[in-house]
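K.L.:
Once you've had a glance at the structure underneath, I'll fire off some questions.
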Amino acid sequence: MSTPTYAVSGDDETAPGTGRNVIAQTRTGDPGRVVMIGAHLDSVPAGPGIVDNGSGVASLLEIATRLDSEPTVQNTVRFAFFGHEETGSQGASGYVDGLSADDHEKIKLYLNVDMVASPNAGYMVQGGRGSDRETAGPAGSATIGQMLAHQLAKTGVTAPEIIEFVGDDESPFIEAGIPVGGAENGDAQEKTTEQATAWGGQAGQVYDRCYHQACDRIDNVNREVLNHYLRALAGTLAHFATSTDELR
């Protein structure tokens, strides 16, 4: 495990200084082929951040615990816990900017996990949807998004929806040309009638009434949604960790 630093720029709510990410990876698998999954550790000052993004962090920790340090995998699996996502993805940017050219090439994909337990959640994934690289991701991203959607369907989710990237911790990886995928269940937008019919929940209501609010506490967590995403993320990671197929 390592805790690399990055520079933090100041704003109205954050003093300039230095932050730290937390990076851990398996001892097994080809270190020249890294499958990476990440979530952000921080929240906004207004809320405790249990769904955004404690749900993502908890998912990574559970997968890492089940995987153990020496699993039988083809590729090294790397877990990243980034700081300062809420102030411009500074932790993820610092991490990507600090990679050597050789280390950059070793990363075969990055899977971002940001909000996977909202009370009125949608079942959405990111990768391959959009009119440009910023919204669709680099070449190979569609394969990641399709695999995550497939794994969600295997857990019993009806017709998971593939949506565009919106500019979270995956953005630095996109800019670096690394294939990306994302798990994101919706925040302040409203669930449509079609989505409520497919997935349950309340149409015309926001996915998460406590998004960036003080009520984003443990009782805001939808455990059923979290379970679906957790199993799908584990299945997606297992697929790519044991595959030698090239995404780019």
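K.L.:
Select from segment 70-86 the residues that are within 17 Å of the chain's Cα centre (by Cα) and either aliphatic (A, V, I, L, M) or at pLDDT below 95 (or both) and list them in ascending order. Please lay out each step first, then the result.
P.N.:
Filtering segment 70-86 down to residues within 17 Å of the chain's Cα centre (by Cα) leaves 77-86.
Across segment 70-86, the qualifying residues are V77, A80.
K.L.:
Among V57, V34, which is the only one that is touching a Lys or Arg at 6+ places or on another chain (Cβ under 8 Å), surrounded by 14 or more Cβ atoms within 10 Å (Cβ to Cβ) and under 22 Å from S171 (Cβ atoms)? Break it down into steps so the answer makes sense when it comes.
P.N.:
Details: V57 fails: touching a Lys or Arg at 6+ places or on another chain (Cβ under 8 Å).
One residue alone meets the criteria, V34.
K.L.:
Evaluate segment 120-136: report whether one residue or more is within 18 Å of the chain's Cα centre (by Cα), under 17 Å from R78 (Cβ atoms) and outside any strand (DSSP E or B).
P.N.:
no
K.L.:
Oh, and also: Tell me which residues, restricted to segment 198-226, are loosely packed, with under 15 Cβ neighbours inside 10 Å and within 13 Å of L152 (Cβ to Cβ).
P.N.:
If the condition is that a residue be loosely packed, with under 15 Cβ neighbours inside 10 Å and within 13 Å of L152 (Cβ to Cβ), then E224 is the only one that fits.
K.L.:
Does Y123 fit the bill of being at pLDDT 95 or above, over 20 Å from R20 (Cα atoms) and among the aromatic types (F, W, Y)? Quick ask: steps written out before the conclusion?
P.N.:
Details: at pLDDT 95 or above: yes; over 20 Å from R20 (Cα atoms): yes; among the aromatic types (F, W, Y): yes.
Considered against the rule, which asks whether it is at pLDDT 95 or above, over 20 Å from R20 (Cα atoms) and among the aromatic types (F, W, Y), Y123 comes out as yes.
K.L.:
OK, next. Of the conditions (1) in contact with a Ser or Thr (Cβ under 9 Å, 6 or more places away or on another chain); (2) over 28 Å from K191 (Cβ atoms), D102 clears all except one; give me its number.
P.N.:
Unmet condition: (1).
K.L.:
Could you please give the count of residues in segment 47-69 that are part of a loop (DSSP other than H, G, I, E, B) and modelled with pLDDT of 95 or more? Break it down stepwise before answering.
P.N.:
Quick first cut of segment 47-69, residues part of a loop (DSSP other than H, G, I, E, B) only: 47-49, 68-69.
When the remaining residues are screened for being modelled with pLDDT of 95 or more, the result is 47-49.
Adding up the residues that qualify gives 3.
K.L.:
Something else now. Within segment 141-174, restricting attention to residues that are out of contact with any helix residue (DSSP H, G or I) (no Cβ under 6 Å at 6 or more places or on another chain) and not in a helix (DSSP H, G or I), which residue is nearest to Y123 (Cα to Cα)?
P.N.:
Step by step, filter segment 141-174, then rank; the result is E161.
K.L.:
For segment 133-177, give me the residue count where each residue is in contact with a Ser or Thr (Cβ under 7 Å, 6 or more places away or on another chain), under 26 Å from E86 (Cβ atoms) and touching a residue at least 60 places away in the same chain (Cβ under 8 Å). Walk me through how you get there before you give the answer.
P.N.:
First, pick out the residues of segment 133-177 that are in contact with a Ser or Thr (Cβ under 7 Å, 6 or more places away or on another chain): 147-148, 151, 164-165, 168-169, 171-172.
Of the ones still in play, those that are also under 26 Å from E86 (Cβ atoms) are 148, 164-165, 168-169, 171-172.
From what is left, the residues that are touching a residue at least 60 places away in the same chain (Cβ under 8 Å) are 148, 168-169, 171-172.
Matching residues across segment 133-177 total 5.
K.L.:
Scanning for something open to solvent by 50 Å² or more (accessible area, probe 1.4 Å), among the aliphatic types (A, V, I, L, M) and in contact with a Lys or Arg (Cβ under 8 Å, 6 or more places away or on another chain), does segment 175-188 turn up at least one residue?
P.N.:
Taking segment 175-188 first, the residues open to solvent by 50 Å² or more (accessible area, probe 1.4 Å) are 175, 188.
After this cut, where a residue has to be among the aliphatic types (A, V, I, L, M) as well, the list is 188.
Subsequent filtering for residues that are in contact with a Lys or Arg (Cβ under 8 Å, 6 or more places away or on another chain) retains none.
No, segment 175-188 contains no residue that is open to solvent by 50 Å² or more (accessible area, probe 1.4 Å), among the aliphatic types (A, V, I, L, M) and in contact with a Lys or Arg (Cβ under 8 Å, 6 or more places away or on another chain).
The values are calculated or read from the model by the stated rules, or taken from the named source; none is laboratory data. Keep in mind that what you see is a predicted model, and the values were worked out from it rather than measured. In this analysis, Cβ positions are derived from the backbone assuming ideal geometry, glycine residues included, and neighbour counts consider all displayed protein chains. Each accessible area value is taken on the protein alone, full model and side chains, heavy atoms only, with ligands, DNA and RNA left out. Shrake-Rupley method; radii C 1.70, N 1.55, O 1.52, S 1.80 Å.
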